[in-house]
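One structure below.
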Amino acid sequence: QVQLVESGGGLVQAGTSLTLSCTDSKRTSSNNGMGWFRQAPGKEREFVAGINWNGGSTSYADSVKGRFTISRDRYKNTMSLQMNNLKPEDTATYYCATALRASISSAKTDYKYWGQGTQVTVSS
């Protein structure tokens, strides 16, 4: 059974930083792309950032480009999302996910495993 576990969420003030982590406890993501998505209340789950299987390629949503950085450690089966200069509109539940393929994808349907999510709340 695949298990992705997110951690690092919390309540922070606008302009500050937070780092989210995702651990793949079953070691099933090593050869797959991975991604971060977020979902705010009443909104669709949206792509935030993605990384390919070896970490050599990344992609970001326009809304976070220049502020967020995705990275992974294949040998430790972990993935991180460094979030800087947080804004109130970044408030959401953040999910990590494992892609069907080795490449990056921004489409939810291209991901097969999902974590339970971690809440990030940014106050103004």
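The values are calculated or read from the model by the stated rules, or taken from the named source; none is laboratory data. Note that this is a predicted model, so its numbers are computed, not measured. Neighbour counts run over all protein chains shown; Cβ positions are idealised from the backbone, glycine included. SASA here: full protein model, heavy atoms, side chains in, ligands and nucleic acids out. Shrake-Rupley method; radii C 1.70, N 1.55, O 1.52, S 1.80 Å.
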Contact order normalised by residue count of the chain, Cα under 8 Å, 6+ apart, percent
36
Which order do the peptides 93-106, 67-80 come out in when sorted by mean C-beta neighbours inside 10 angstrom, highest first?
93-106, 67-80
Rounded percent of accessible protein surface that carbon and sulfur make up, the range 7-98, 1.4 Å probe
45
Once each part is reduced to its C-alpha centroid, what is the distance from the range 55-124 to the range 15-33 in angstrom?
8
Loop-only check: which GluC sites (Glu not before Pro) in the range 19-124 are DSSP coil with at most 12 other Cβ within 10 angstrom?
GLU44
For LYS43, which lysines qualify as cross-link partners when the Cα separation must be under 18 Å and same-chain residues fewer than eight apart are set aside?
LYS87, LYS108
Could you give each residue of the range 41-55 its phi-based ³J(HN,Hα) in whole Hz, using Karplus coefficients 6.51, -1.76, 1.60 with θ = phi - 60°, and x for Gly or Pro?
x, x, 10, 6, 5, 10, 5, 10, 7, x, 9, 7, 4, 9, x
